[in-house]
Structure formats: structure tokens, C-alpha cells
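To keep things clear, I will list the structure first and then write my remarks on it.
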Amino acid sequence: MVVVAIAIIRMKDLFAVVMLAGIYGLLSASFFVAMDAVDVAFTEAAVGAGISTLLMLVVITMTGRDEKATRHKPLSALLIVTVTGGLLIYGTLDMPYFGSADAPIHNHISPRYINDSMQEIGVPNIVTSVLASYRAFDTFGEVVVIFTAGIGVLAMLSVGRRKEDDEEIASINDSMHEQHLVIRIVAKMLIPFIFLFALYVQFHGDFGPGGGFQAGVIFAAAIILYTMLFGLSTARKVINQTFIRLIAAIGVLLYGCVGIVSLANGGNFFDYNVLASDAIAGQHLGILLIEWGVGCTVAAVMIIIFFNFAGRRELYQHNKHSQNKESS
Amino acid sequence: MLMGLLNYWIVVVLMMSGLYIVIAHGNLIKKLVGLTIFQTSVFIFYISMAKIEGGSAPILADDITVYSNPLPHVLILTAIVVGIATTALGLSLVVRIKEAYGCIEEEEIQQQDNDQQAESKAEEVA
Amino acid sequence: MIAHLPILQVIIPLMAAPICLMLKRTQLVWLFSLLTSGLAFAVSVLLLQQVMTSGLISYELGGWQAPWGIEYRIDKLNAFLLLIISGISTIVLFAAQTSIEKEIPKDKHIYFYVLYLLSLTGMLGIVATGDAFNVFVFLEISSLSAYALIAMGKNKQALWASYQYLIMGTIGATFILIGIGLMYQMTGTLNMYDLSQRLPEVAQSRTVFAAFAFVIVGVCLKLALFPLHLWLPNAYAYAPSIVTAFFAATATKVAIYLLIRFTFSVFGLSFSFTTIPLQTLFMALGLIGIFVASFAAIFQSNIKHLFAYSSIAQIGYMIVGFSISSVTGLTATLLHLFNHALMKSAIFLALAAVVFRVGNVQLNSLRGLGRQMPLTMAAIVLGGLSLIGVPLTVGFVSKWYLLIALVEQGWWPVAGLILLGSMLAVAYVWRIVEVAYFKEPVGPPIKEAPMSFLVPIWALVIANIYFGIDTRISVQVAEAAAQSLFGVSL
């Protein structure tokens, strides 16, 4: 990984840099598996190696792939980096050693999660029980973060489009995509399976790695695959922008409403125990619902982000296209 | 001591290469890549401290007694999502900057802004 | 419902944001946001009342006991901050509808309100929570929405300013994340109260020192403390005017809150101020910040830039008060927090009105505006007087307390420097007065700002004067909050 990181520093070709960053994400995901963090690895693989690489590639097609050679202030940068790095190394000197079981973090809070979560929540995947119940509010915050990003991207990139433009773009796209007939058919067959897999991940989060976030990303990936092969305007016909925005909002609301219902039932915010007559059943219901909330928002926002990037790109190509026409 | 902390030291090196990219490079996309690497390395740091020698993934099963610490995993799941949200927003800014300025190099952008400021100052004097 | 007030404080704007997205008409969205913000303000008033009478409120989210679940912990300090944030947000929103009409394209108005509410949520969440990691999550909510809001400014410089802020802000947040990680590694807990109990045991370790350094540097990046202030002037100058008015009054205040919270409550007074030479460091940075930023302000030709630099200088005053680390010093900081929010939101709202009528805020465009928009310009001048610290304005009260605190410690030279710094404020405020009142107007005649601006602006200006004369409420609350920080921690 150090090699990859240094290669990224040296490279000038942005395309290679982005690819290497993807590899870096994938490597860290495999490191997470080695460190027993399967849930995290799953997410990092989907996000670090998948979504973020994809987005960066889309942006590079618009901005050009070469980095200018000028590198300014490398010295001061080096200074800052050395000072911070030195401070960190200094800090590590008193750390508990890697892997040692008597470190404070393993002895203060986490034993309760490991020993009691089965009785208190009844879900084998401890990560899920901590995420969705003990620290449900953090996860709620996370959903709101992703929602914010979606709205932010919308605010910056969404374009009011005219009909005739749309049709013209569609015609350019069709000519582009017709060549990939085989891939299209394969993809059409694949997409239902991806959806199915997303649903499996969604429900499986209680027992193994997985859950709303990962399911949402996979679901969005299927849509993105479809968009890439069939063109944005076709995809827009299938999934309407207003509708997808609504889904994103509903996801957040669903999550929040679980909390509000528990308030109404006399518990604290996100106290799932009061959701059903039996505490364990209540916990199950609560986790199920919020995972759906997470899934909805994440899938919707990922699609929003991708659509808007791709939409900008089309507009950009379209403008270039018409400029070329004018000049010739 | 060397083996006990080596893992952390590597993580520090990774973090710092990310930070270096962010500060030293002028290309806006590369800065974001650097930011991603910086953040990912922090995630690795968190996950490293969760590991227990001989432990296994924190999914309860009957025949396992030692589990790695689940809490950092949860925190990092959240942090990854925050990271991608930031990257997406940053990239959309890059797209808009490219449209508005016609380039994505820090120096050129600053140059353009300075020119404009100089112009408006000149107008004021006149 | 009273028992659930802490969570309602954050949840009300949070849930309102996605609902906004479903409403069709922007007029309706504006009314709804205003209502939401007002409701949050009402909640914060109730909370402050409750805290002042019966002390600390702890609220366990999910019904899980504190170090295992996330806890909301409201004491006098954060109740005070919650009040400032939600109050300013509500007043500023009054003018939002009119102001953004000319600055943001129509089809993006809904997004503006959604992001505004999210940003409000983020700030309230940071302040209300008692959990270190939860701080990070809500910090990101408020930052991401801030980047997007700033980028909505109509000049292209807004984009670049927002990008720079994004890079700096994310580095800051990641530093905080590293700091939290190091603390967690040494103590095994994320709850602030629990941290404050467990940190002293390991206070001598180098890891805790590194954790402290990372948290403080991260917070100072957000705080725009000199020399980490470079992102702020452009971000404030090019953001939509309403956004500037809101952020100038609240965003850096939240960062100051975090600074106080981490140094006083989490790491503890003895660690922060004896183990580490924080006092001298902050005192020096605060003073340099006051002078550098005030000088920079004098030479700006864009008024928004001018007041942005003045904000950095005012942060310097707060930091000086903080670094004294006495009850009076902290009281001065908290008072200035409150007072500065009142002045700056009034000034920037008035500037928003100028943008609405004139189109820009270059110093030259203000020529003769004193006669054409008398009420608006009077508000700017009164706000400016308050910045200087003229008696009968709020600025005087907080400067007075700051001076008392310095004299208590016998730091006469510093007190002298503070007074000198105020003289610089006279210089930059005078420049505006000169142009607005003593130069002939140019160009077509300009009308006074509409009522939707004047009402909130003058509400703030009157508050400026009222709290400058009748200091009972604000001083009492600030003093109580400061004392509670020096008493039993948290």
C-alpha cells in the first residue's frame, strides 16, 4: 500500500492516479478482512474501490486527464507533513501494542457489546447491533450526511433541461450504445440478480456482514450499470428524478419516524424496546425498519449523484458538439 | 516494541502521503484523491486498534470465544460514508469550477481571481 | 414531552429538511423552514430555563446507559449556545425569501432551504451531544451543507472559496477524527463525561498529548484561528448574503464551543493549561490574529471581505479571553460569543439588503447610500460602533469584561493591546461611514430596503442596544456557564 501511495504522489496522469486510488481502496478492504472487520471491508470495497473511482472517472472525462507539471510549495508541505507525522509517531510510543488483548478499548465498553448484545438485542452480528441500536443516532447522522451530500450535488449540478436538447442527446447516445448489443443483453440478464443480491444483503445484515448501506450501494450499482449501457435518457425514463428525490427523503423520514414512534410509546428517542410488547421483538422491528431507511436513502442518493454527474457530462459533450458544428 | 507498533507506523506513513498530496499538489482532482487516501488511512488506524490477537470477526457463534472489538468497526462504517459524501460534493465542485474557470489547477484559478480583483481595484481608482 | 426536549432540539430541524423536499411551492417551504427554526428556538429557550433552574440534563438516546449508548448532555454552556444558534437562524430566515430571490436561481430555492435546515441541524447537534464521535458526525453534516450553501453564491469565486473550505474543513475534521481515535485508544470510551473521568489516569502518556494536539488543531482549523484562517474571508465574501449572515454569527461560535468543551470539560483544566503551554500560545495567536486581521480589514474594498476579516479579529478577542482561563475571562468570551453573533448578523443582514438594492458591496457602490438607504446604513453603523466597543452597545459590555479579566491577572500590556486593537476597528468602520455619508451618490437613485429586511435587521440592532444597556440576562447566563466549567467538570 505504501508503494501505491507513493506511486500516486509521483504520477501525473490523472487516469492512472484514480485507478491507483481504486486499487488502494481495494487493498485497504482486504486489509480490513485480515483485521476481522468484514462489514467495513464490504463497505470500503463498494465505496473506495467502486463508487468513488467511478465518480472520479466521470469527472476526469470532463476535465481532462493531465496534471500540470508545476508543483508549488513542496517544501512547506513536506514540513507540515513531517511535523504532523512526527507527532503521530511520538503519540504511538505509548500506545498499547497492536493486537494485545489488554488494551483499554477491549476492556471498558466493548465487553458489554460482545457479552450481552445477544440477550439485549438478539442479533448475532455485533456490528449490526451496535450500529443500529446502541449507537443508532450516529447511524442516523450518517444517513443525514449522505442525504446532505445528495442535496448538495443536486444544488450544484442539476440542470434545467429542454426537451429538444434531450432528444438530441438521446440520439447521440443511441448511436453510441448500439454497438454493445451483447453486453446489453448480458447486463439485462444480470441486473435482476444484482437486485436480488441487494435484497439478500439488506436482510442478511443481522446475521453476517451486510445491511442497509451496502445493500443501497449495490442497488444503486445495478441502476448505474443500466445507465451506462442504455444511456442516461433511457434510464431517466425508467427512474424519474423527482421520484428518486422523494425516496431519498422518505428514507431519512422512515429512520427518524422509528425514533418518533418510540418517543410516542413512552421511551427515549430510538428506544426500540417499546416498539413491540416484547423487547427483543421491538429491537428486531426497529433494526429492520431503520436498515430500510438507510438502504432507501443510500441507494437514492447514489443514483442522484451519478445521474447528475452524468447529466452534466452529457451537457458538456453536447455543448462541445454544437460548438464543433458552429466552427466547421 | 518494534513489532508491536510497526503496524501503526506504516499507517502514519500512509496518512502523511495522503496529506502531502493534498497540500503539495495543485490539481483539484489529485487533491481529492489525496484526501481520500488520508481518510482511508485513518480508517485503517481505527480498524488496527480493534484487532485482538487470535480474535475473530465480531459475529457471534457458539465455538468462538475471542472477538475483535466491534465498536471501531461501527465508527469506521460511519466515517466511510462521510468520506464518500465529501468526495462526491468535492467532485461536483470540481466540475463547476472547470465550467466556470476552464481549468482545474490551483495556480491558474488563483491567477484568474487575482487578475479580476486587480481589475476591479483599477476601476475604483479611475 | 419536557423530558425529551434535548433530542427535539435537534430532531425538529432534521426531520423538517426532508419534508421541505416534498413541498411544492417555495413560498411554502420558506414559511415551513421559518416555523421549524422558530420551534427550535422555542425549545432552546425552554431548555435554557430548565438548565438554569435545575441544572444538568442528561438524555440517553435509545434508552442505552451512557458510555454504551450516545448521550445528550445539556449544561449551561451548551444551552446558551443552542439559544444563540437557533435564535439567529430564525431571525435571519425572515429575510431569506426576499434576499435569495436575486441571488439564487429560482429552481434551486428548495435546495437552499433544505441545506440551511441541515446546517442548522448539524450545528445544534454538535453543541447538544455528549459523545465525542457524535460530534464528528454532526460536524460533517454542518460542514457539507455549508460547502454547498457557499457554492450557491452567484460569482464563480464562490465555487473556488467553497472548494478551499472543503479541503481545509475536511483536513480539520479528519484531524479531529484522529484525535478522537487516540483518546479512544487510551481510554476505551467515546462519551465525553466518561472521557473526562478516565483521561487523568493516562494524562502523562505521549498518546494523550498527541490526541490533544490533533483535536485542538482540527478545531482551530474550523475556528479560523490565525494562522489557519485563510479559507474564511473568501467563503464569507462570496457566499449568498443570507448564508454569510447566518454563518458569521454561528459557525465559528460552534467551533469555539468545541474548543472550550474539549479543553475545559474533556481534557480538564489542569491538563490543558498546566501540562501544555496552551495559555501563552493562544494568547499570542489571539493577539496576532486581532492585529493582522484588523489591518487586513482596513485595506479591503469589498465590504463583505472587510467584515469577514473583522470576524477573524473578533475571534482573536474571544481566544484571548479563553486563554486567560479564569472565570471572568471565560465569561468575557461567552459574552462576546453572544454579542458578536448579534452584531455580525445585523451587519451582514444589512449588507444583504445592500446587495438586494445595489447589486454588490464594493466600497465605491456605497457612495451616498447613507441618504438613500438611511435605515439600512444606520444599522451597519450601529453594528460597527458595537464592534468598536462604544458604550451602550453590546460590544462595550464584552470588551469591558475582557479588560477586567486581564487586569485581574495583572496583564496590563495585553489590556493595552486590546484597546489598541479596538482603535483599528474605528479605522475600518470609519471608511464605510465616510463613503456612505460624505460622498455624493452616483448612478440611479436607490430605494430603501423592503420591510422583510428592515424588520429583522432592526430587531437585531435593538437587541444590540438592549443587551448593551440591560446586561442582567446575558451576563448572568454567561457567568453561570463559566462558573460551571470551573466547578465540577461537566
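The values are calculated or read from the model by the stated rules, or taken from the named source; none is laboratory data. None of these values were measured; they are calculated from a predicted model. Quick reminder, even Gly has a Cβ in these numbers, built from the backbone with ideal geometry, and neighbours come from all protein chains shown.
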Q | Residue under evaluation B:Gly90, criteria (1) within 30 Å of A:Ala103 (Cβ to Cβ); (2) in contact with a helix residue (DSSP H, G or I) (Cβ under 7 Å, 6 or more places away or on another chain), criterion not met | A | (1)
Q) Residue check, C:Ile19 against (1) buried (at least 20 other Cβ atoms within 10 Å of the Cβ); (2) at the interface with chain A (Cβ under 10 Å from one of its Cβ atoms), all met but one. Which one? A) (1)
Q | helices (runs of 4 or more DSSP H) within segment A:65-145 that include 3 or more residues among the hydrophobic types (A, V, I, L, M, F, W, C) and surrounded by fewer than 18 Cβ atoms within 10 Å (Cβ to Cβ) | A | A:74-92
Q | Counted residues, segment C:120-136 - those being part of a helix (DSSP H, G or I) and more than 19 Å from C:Met168 (Cβ to Cβ) | A | 9
Q. Applying the selection to segment B:49-59, what residues are in contact with a Phe, Trp or Tyr (Cβ under 8 Å, 6 or more places away or on another chain) and part of a loop (DSSP other than H, G, I, E, B)?
A. B:Lys51, B:Ile52, B:Gly55, B:Ala57, B:Pro58
Q | Options A:Ile60, A:Ile8, A:Ile23: the member that is in contact (Cβ under 8 Å) with a residue 12 or more places away in the chain and touching a Lys or Arg at 6+ places or on another chain (Cβ under 9 Å) | A | A:Ile8
Q: Would you check which residues across segment B:44-59 are within 20 Å of A:Thr139 (Cβ to Cβ) and at the interface with chain A (Cβ under 7 Å from one of its Cβ atoms) and list them?
A: B:Ile47, B:Ala50, B:Ala57, B:Pro58, B:Ile59
Q. If you check A:Leu229, A:Leu225, A:Leu315, A:Leu288, which single one turns out to be away from chain C (no Cβ under 14 Å), without any contact (Cβ under 8 Å) to a residue 12 or more places away in the chain and either among the hydrophobic types (A, V, I, L, M, F, W, C) or closer than 21 Å to B:Ala85 by Cβ (or both)?
A. A:Leu288
Q: Of the conditions (1) more than 10 Å from chain A (Cβ to nearest Cβ); (2) in a helix (DSSP H, G or I); (3) in contact with a helix residue (DSSP H, G or I) (Cβ under 8 Å, 6 or more places away or on another chain); (4) not hydroxyl-bearing (Ser, Thr, Tyr), C:Phe209 clears all except one; give me its number.
A: (1)
Q.
Return the residues of segment C:138-157 that are assigned to a helix (DSSP H, G or I) and surrounded by fewer than 24 Cβ atoms within 10 Å (Cβ to Cβ); say none if nothing qualifies.
A. C:Gln157
Q.
So the check is Cβ under 8 Å with 6+ separation or different chains; which pairs have a first residue in segment C:52-75 that's facing chain A (nearest Cβ under 7 Å) and under 17 Å from A:Ser262 (Cα atoms) and a second one that's in a loop (DSSP other than H, G, I, E, B) and of a type in the set (Asp, Glu)?
A. C:Gly62/A:Asp271; C:Gly63/A:Asp271
Q. In segment A:241-296, what residues are farther than 26 Å from A:Asp116 by Cβ and of a type in the set (D, E, K, R)?
A. A:Arg245
Q. Restricting segment C:94-130 to residues that are more than 8 Å from chain A (Cβ to nearest Cβ) and acidic (Asp, Glu), which is nearest to C:Ser33 (Cα to Cα)?
A. C:Glu101
Q: Go through segment A:104-146 and count every residue that is more than 7 Å from every other protein chain (Cβ to nearest Cβ) and touching a residue at least 60 places away in the same chain (Cβ under 8 Å).
A: 9
Q: Name the one entry in C:Gly179, C:Gly172 that is touching a Cys at 6+ places or on another chain (Cβ under 9 Å), more than 9 Å from chain A (Cβ to nearest Cβ), in contact (Cβ under 8 Å) with a residue 24 or more places away in the chain and part of a helix (DSSP H, G or I).
A: C:Gly172
Q) Going through segment B:69-115 one residue at a time, which ones are more than 7 Å from every other protein chain (Cβ to nearest Cβ), over 17 Å from A:Phe137 (Cα atoms) and in a helix (DSSP H, G or I)? A) B:Gly83, B:Glu99, B:Glu106, B:Glu108, B:Gln110, B:Gln111, B:Gln112, B:Asn114, B:Asp115
Q: Would you check which residues across segment C:447-461 are in a helix (DSSP H, G or I) and either buried (at least 16 other Cβ atoms within 10 Å of the Cβ) or touching a residue at least 12 places away in the same chain (Cβ under 8 Å) (or both) and list them?
A: C:Ser452, C:Phe453, C:Leu454, C:Val455, C:Pro456, C:Ile457, C:Trp458, C:Ala459, C:Leu460, C:Val461
Q | helices (runs of 4 or more DSSP H) fully within segment A:2-47 counting 3 or more residues that are at pLDDT 80 or above and within 25 Å of B:Leu71 (Cβ to Cβ) | A | A:14-34, A:38-44
(Q) Looking at A:Lys163 and the list (1) among the basic types (Lys, Arg); (2) over 24 Å from the mean Cα position of the chain (by Cα); (3) modelled with pLDDT of 80 or more, which single condition is not satisfied? (A) (3)
